[in-house]
1. Return the residues of the range A:232-262 that are assigned to a strand (DSSP E or B), more than 11 Å from chain B (Cβ to nearest Cβ) and not basic (Lys, Arg); say none if nothing qualifies.
2. Of the conditions (1) assigned to a loop (DSSP other than H, G, I, E, B); (2) farther than 25 Å from residue C:126 by Cβ; (3) within 12 Å of chain C (Cβ to nearest Cβ); (4) not hydroxyl-bearing (Ser, Thr, Tyr), residue A:90 satisfies every one except a single condition; which number is it?
3. Take the conditions polar (S, T, N, Q), away from chain C (no Cβ under 11 Å) and within 30 Å of residue B:109 (Cα to Cα) and apply them to residue A:104. Does it pass?
4. Please go through the range A:135-152 and give me each residue that is under 27 Å from residue C:220 (Cβ atoms) and without any contact (Cβ under 8 Å) to a residue 40 or more places away in the chain, ordered by number.
5. Mind listing just one residue for me: the one in the range C:263-276 that is more than 8 Å from every other protein chain (Cβ to nearest Cβ) and not aliphatic (A, V, I, L, M) and, of those, surrounded by the fewest Cβ atoms within 10 Å (Cβ to Cβ)?
6. In the range C:195-223, which residue that is charged (D, E, K, R) and at pLDDT 95 or above is surrounded by the fewest Cβ atoms within 10 Å (Cβ to Cβ)?
7. Kindly indicate whether any position in the range B:307-315 is more than 20 Å from residue A:196 (Cβ to Cβ), modelled with pLDDT of 95 or more and part of a helix (DSSP H, G or I).
8. For residues that are of a type in the set (Asp, Glu) and either surrounded by fewer than 21 Cβ atoms within 10 Å (Cβ to Cβ) or more than 9 Å from chain C (Cβ to nearest Cβ) (or both), tally how many sit in the range B:161-190.
Amino acid sequence: MSIYLSDLAKHLHSTLLGDDRIIKGVAEPFTKNDDQVILILEKKTINKKDRIRSKAWIVARLLFNDQLKHFLTSERISYMVVDQAYEALRQTIEFFYPNEFTEQAIHHTAIVHPEAKIGEKVFIGAFCEIEKKTSIDDSAVIAKGCFIGQNSKIGRGVHLDPNVTVYPNTEIGNNVIIHSGTVIGSDGFGFYSKEGVHIKIPHIGKVIIEDDVEIGANCCIARGTLGETRIKKGTKIDNLVQIAHNVVIGEHTLIAAQAGIAGSTTIGDHVIIAGQAGIVGHIEIGNRVTIGAQAGVIGSIEEGQTVSGYPAREHSEAMKREAHISQIPKILESIKAKKKRAE
Amino acid sequence: MSIYLSDLAKHLHSTLLGDDRIIKGVAEPFTKNDDQVILILEKKTINKKDRIRSKAWIVARLLFNDQLKHFLTSERISYMVVDQAYEALRQTIEFFYPNEFTEQAIHHTAIVHPEAKIGEKVFIGAFCEIEKKTSIDDSAVIAKGCFIGQNSKIGRGVHLDPNVTVYPNTEIGNNVIIHSGTVIGSDGFGFYSKEGVHIKIPHIGKVIIEDDVEIGANCCIARGTLGETRIKKGTKIDNLVQIAHNVVIGEHTLIAAQAGIAGSTTIGDHVIIAGQAGIVGHIEIGNRVTIGAQAGVIGSIEEGQTVSGYPAREHSEAMKREAHISQIPKILESIKAKKKRAE
Amino acid sequence: MSIYLSDLAKHLHSTLLGDDRIIKGVAEPFTKNDDQVILILEKKTINKKDRIRSKAWIVARLLFNDQLKHFLTSERISYMVVDQAYEALRQTIEFFYPNEFTEQAIHHTAIVHPEAKIGEKVFIGAFCEIEKKTSIDDSAVIAKGCFIGQNSKIGRGVHLDPNVTVYPNTEIGNNVIIHSGTVIGSDGFGFYSKEGVHIKIPHIGKVIIEDDVEIGANCCIARGTLGETRIKKGTKIDNLVQIAHNVVIGEHTLIAAQAGIAGSTTIGDHVIIAGQAGIVGHIEIGNRVTIGAQAGVIGSIEEGQTVSGYPAREHSEAMKREAHISQIPKILESIKAKKKRAE
């Protein structure tokens, strides 16, 4: 696909400065990108600007200044300045690579129960099984090898990538994206002990995933014992994340890879949980809390706090503790010195 | 399903107090549960008892007292008191939702090698493959998309959920449950270096899973190099857990989500390993040891200890260290004050 | 399979000492191995040598001495001494269990797009789907249930175990091994925020896996946003590892189970990353760096360093900090004592 840079500028509601050019795609700054447009999203990219081959740049307004302008002009680089650089990135990608998935078919190898209800323009790939009394709403895409258990609801425009497993009684909202290998609705880890033997508590609850949620690859979201495990609207979850039974996650929360949340914990809205963080069960994390990478959260956290470390503490306090530990050698020396003097 | 509360009381070997009622299921305390029975398992539920809508309660004896009795009577709540509340929970769930899986069929798309030996009342779902010389004992359920490699043995009443992978030569005991996406018997991480290149040591060992084990979703259990990786009777493993090659795990041990155990380590009976804990290879963890969440265990642990932190220490000692660190500011002040006085 | 120990000795370019024997396999030292050969790879095995039943030993030269020689002779154990013990282990295993996978077939249930290009002697298992414009080179083995998205390249002699998912546009080099459940090329975790809502940045990059890489089970390797995520030649990755978008991993690096590497980080050659370690995004890890288990790396690390702890520090420094913390009780006592004296 070849387009005029000026057409992309129009698409981005920006203005092209310099010569118009034909470009063939969007690329990272430091690659063989002579005939591609690049985006300047970070200051450090500008620091190495001499290594950029592309002559077609989109520059974040925050990073644009006279010095850069001078450089662009003298190097005869065609450019446009945009207010929202990441939005421009998305729009540029979509301009070159429009989402062309328009197949509407049920593969002949897919097994769809006669009592399942399939909407319009639905794609169901090879080797899928859709069990009875499950409904799949319009424009959903269920890729190769997925299993959807009975009594489930799959919303409009949902994308399940290959080899996703959805246990019975699961509800998935509109426009949810789930990557490969993820398991939704397996039994929670619930046992009681009797004479040293662990006896399983059957799990009859469900998982509810609200609209616009995205879940990465090889995640596990356990269903509730009696009630529900719920992930609210707009929350995004990275790969290999564990969400235990009866957890409730608020709206527009971000959970990075390999984080884990134990049973019955409630997470607020707009929370950020960094990679490999762990959160114990039966606590409450307030809205807009930020939890650092590898943090171990062992108690409830109030709205707006930032925590880190194990056990997780307010981040500035955790940093102070680190600084305090660094002081111990000085303390030891001072004590030693005094002893010497005393002697 | 509608039943009389008095019938449930009989089933639980308890006595109904208050009016008999018709109930339609079992629910969590704080939901729309007007026509459902609830269980009071924790003190904190009683603290919010005014928010409970259900008029049919099952109360743990430990939590029952005159004050609660007075409340129940005055609110005209029908109730029964039980000695073993979690057992009552299990029995109540099973009363309402008896395990009705009674399909006995091999799906026409399943590929079962003619040299595989399939027992009676076995279910094999769509798109499964059972390789040669593998035996599947009576009443086993192999759900959609599972792979069972050659020379494996699957015990009586085993449940494999959809998309489980079992490598060749694996032995799975009776009544084992394995959730979706779990991989049993992949090669251990074994290499040796020769002139800077890592050369693979072929793995010809196996995985043996004894009776009554449950394994969560998306776990990995690697097979032994020459010998076996073994998980003993009654042990329960949560999601996303890593068990490396040649590990031996004792009986009735609990391993929470995202924990990892490195190669050739031996874990005792009745051990509890909390979430995201890591245990290095080639060590021994004694019986009844408890390992805290995110703990990093770098050496053998004797019977009965409770450890936490990184590197993992006896828990009370780990707590003391935390307290000691908190004292540093006081120490610094005291030194400062002395300096001032000296001046 | 029964062979003469003398034949094995020849195969290993070693010399058999003691009687020739017929052996039927290779086993671990402490099992019922009367008719099998064992390898002595570690000193601690010698310490328990009286518990070994096998009379056919292969001994690492480093562990061999007069005392052991005396023992072997007096116990009438047949043995050979080898310079490279782990290489001998590999060669012995391969001697008994030659890799016999020679099936060359495309299973009749596999769906191979007419525009896919399949090499010679390729095996494609049941319920696989190979999309259009994908090429699979000679002698590749694609086991049951794999999905390979369009425009991908699978190299010569690649082994994909059952239920692996490969997203479109992925390049996999020669002799790569990927274990079950692993997902290659799912979208990176890339969003930008607009009025509190997270908006997805489409991912059009790819994953490139070079020759001789091995990847464990249930791993996730995300594709680049625009560019590539690359794993270079000879690198070996254990189970449940997370590799985020635009990460570059050098040659002959080892990554243990449950480690995670965040986006756009570059890892050098011959790096060792231990289990459950986490590495933040946008940093550089030099060649021959060693990162300890559960370490949390929050900044770039120069060539050759060994780091541990959270936040990760040079290992000897991290150890000193631990020792410093242990000194606090002594400090407190000394201050207390002084106070008493002062009083």
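1. A:237, A:248, A:249, A:254, A:255
2. Status for residue A:90: all satisfied but (1).
3. In short, yes.
4. A:136, A:139, A:140, A:142, A:143, A:144, A:145, A:146, A:147, A:148, A:149, A:152
5. The extreme case among them is C:266.
6. Ranking the qualifying residues of the range C:195-223, first place goes to C:200.
7. Looking through the range B:307-315, at least one residue is more than 20 Å from residue A:196 (Cβ to Cβ), modelled with pLDDT of 95 or more and part of a helix (DSSP H, G or I).
8. Adding up the residues that qualify gives 2.
The values are calculated or read from the model by the stated rules, or taken from the named source; none is laboratory data. This is a predicted model, so every value here is computed, not measured. Virtual Cβ from ideal backbone geometry, glycine too; neighbours counted across all protein chains shown.
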